[in-house]
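Undergrad: One structure, pasted below without further comment.
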């Protein structure tokens, strides 16, 4: 019998910032933010800049969160 040794390498799969950013689906999120921005520009009444900035920010957060939740929800289907 031969004495064979098993070499195992430990691999740590640590997620970086880019991995978390990809979960937000930036291309889809940018389309949603652009649509919201155009909606604010063509609004019939002027929108205060701070309210407009807050609206764009929260729409971006909501769009990114929905993209991340969608990837989590459909992980078994996409695998």
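Undergrad: Could you work out how far apart the two model spin labels at residue 34 and residue 54 are, taking each label as a point 7 Å from the Cα in the direction of the beta carbon, and quote it in nm?
TA: Once both label points are built, they end up 2.8 nm from each other.
Undergrad: So for the pair residue 73, residue 47, with labels modelled 7 Å out along Cα→Cβ, what separation do we get in nm?
TA: Reported label-point gap for residue 73 and residue 47 is 2.5 nm.
Undergrad: First check a/c for region 25-78, with a ≥ b ≥ c the square roots of the eigenvalues of its C-alpha gyration tensor; if it is under 1.5, answer rounded, and if not, answer prolate when a/b is larger than b/c or oblate otherwise.
TA: prolate
Undergrad: Here's a follow-up. Please give the residues of region 14-45, grouped as numeric ranges, whose backbone N is less than 17 Å from a label point set 7 Å along the Cα-to-Cβ vector of residue 66.
TA: 23-40
Laboratory data are not the source of any read-out in this text; all were calculated from the coordinates shown. Since the model is a prediction, treat every value here as computed from it, not as a measurement. Here the Cβ is made from the backbone with ideal geometry for all residues, glycine too, and neighbour counts use every protein chain on show.
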